[in-house]
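Let me begin by presenting the structure, written as structure tokens, before commenting on it.
The values are calculated or read from the model by the stated rules, or taken from the named source; none is laboratory data. Bear in mind that the values here come from a model prediction, so they are computed numbers and not experimental data. With ideal geometry, Cβ positions are generated from the backbone for all residues, glycine too; neighbour counts draw on all protein chains shown. Accessible surface areas use protein heavy atoms only, side chains included; no ligands, DNA or RNA. Shrake-Rupley method; radii C 1.70, N 1.55, O 1.52, S 1.80 Å.
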Amino acid sequence: MKLQVSQPQGTPHQVELPGPKVVIGRDPSCDLVLSDQRSSRRHAVLDDGPEGLTIRDAGSSNGIRVNGRPLRRSRLAPGDTIRLGDTTIRVLPEAAETVLVSTPELREGGELPSTQPPTAPPSPRRKARRHSAAEAAAIPTVTTLAVLWALAAPAFVVGSLLIAVRAGAGLMAGALAVGAGLVPGGFAGIMAVGLRARAPWARQLQIVAAGVGLFVCPFTFASVTVLIYMLREDVKAAFGSPSAGQTPGAGDAELTFALSLLGMLALGLGLAALVVFLLSNP
């Protein structure tokens, strides 16, 4: 993977980054660190996968442009130009002479090492694998949804039991109420596991659940937030084939969605509590 990087300050330089996946951004933990205030902490991800070289937006504020066009994800070919903030990255042909740069040298931001003869090792292909829990935890919004579903599972059961007790139901009616609470509780538990594993079916069920939530007035805004998030292309890719290795990064957009979801949910719970209070105290 050979690139020519032109940043706002400094002269253009060529780099060759090892490995099939490269995270680009201002954060020091990125593989390619940019000295560009208009780029996000985790701006984009270069992926050399089965489809060839691709780039995708990792939830940046200013987006990416490929050959002048604003895109969220795109395949790349030699000669293509990528714009991240004020930084320009051009994909070089394999025969171009490059500078070999290791990850620690990129992070330190020091002088580049001397030019070496180009090498063309075969790009490794990652084997298909399941998404690990650590990978799912790297997506704040998905992790937030999984935790909320996990908390909802026992809440359904306990809530149905409290309703039965308050209504003065007998033993049989109480058992039926608990049984009725186990159905949504079981669904919530399955959703928590599916979202944690980034299973494709969990994304589809989450979209359906959010669609139903649109008609539950206190939680309409939370449902809208979830729908907008789940319909994003990078989120769809994250729940796709495990071999694709595409994950929305923990950038500004991810944190915004996670915080918005929690805020809208808190608002909905507050409105629901207010309605219950008014109905119980006419």
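Listing for the model above:
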{"read-out": "Qualifying positions in region 260-282 - closer than 18 Å to residue 151 by Cα and in contact with a helix residue (DSSP H, G or I) (Cβ under 6 Å, 6 or more places away or on another chain)", "value": "261, 264, 265, 268, 272"}
{"read-out": "Test for residue 5: is it under 25 Å from the mean Cα position of the chain (by Cα) and at pLDDT 85 or above", "value": "no"}
{"read-out": "Top-ranked residue in region 46-58 [being closer than 16 Å to residue 4 by Cα and touching a residue at least 40 places away in the same chain (Cβ under 8 Å); ranked as most open to solvent (accessible area, probe 1.4 Å)]", "value": "53"}
{"read-out": "Test for residue 27: is it over 21 Å from the mean Cα position of the chain (by Cα), assigned to a loop (DSSP other than H, G, I, E, B) and buried (at least 17 other Cβ atoms within 10 Å of the Cβ)", "value": "no"}
{"read-out": "Options 203, 130: the member that is under 28 Å from residue 48 (Cβ atoms), modelled with pLDDT under 70 and among the basic types (Lys, Arg)", "value": "130"}
{"read-out": "Residue count, region 81-91 (criterion: among the hydrophobic types (A, V, I, L, M, F, W, C) and either surrounded by fewer than 19 Cβ atoms within 10 Å (Cβ to Cβ) or farther than 14 Å from residue 53 by Cα (or both))", "value": "1"}
{"read-out": "Qualifying positions in region 201-241 - over 23 Å from residue 56 (Cβ atoms) and of a type in the set (Phe, Trp, Tyr)", "value": "215, 219, 221"}
{"read-out": "Residue within region 59-80 that is touching a strand residue (DSSP E or B) at 6+ places or on another chain (Cβ under 7 Å), buried (at least 20 other Cβ atoms within 10 Å of the Cβ), in a strand (DSSP E or B) and touching a residue at least 24 places away in the same chain (Cβ under 8 Å) present", "value": "no"}
{"read-out": "Of the criteria (1) hydrophobic (A, V, I, L, M, F, W, C); (2) at pLDDT 85 or above; (3) assigned to a loop (DSSP other than H, G, I, E, B); (4) open to solvent by less than 30 Å² (accessible area, probe 1.4 Å), which one residue 96 fails", "value": "(2)"}
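Every residue, every condition in (1) in a loop (DSSP other than H, G, I, E, B); (2) open to solvent by 10 Å² or more (accessible area, probe 1.4 Å); (3) at pLDDT 85 or above, yes or no:
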position	(1), (2), (3)
172	no, yes, no
189	no, yes, yes
194	no, no, yes
209	no, yes, yes
224	no, yes, yes
235	no, no, no
250	yes, yes, no
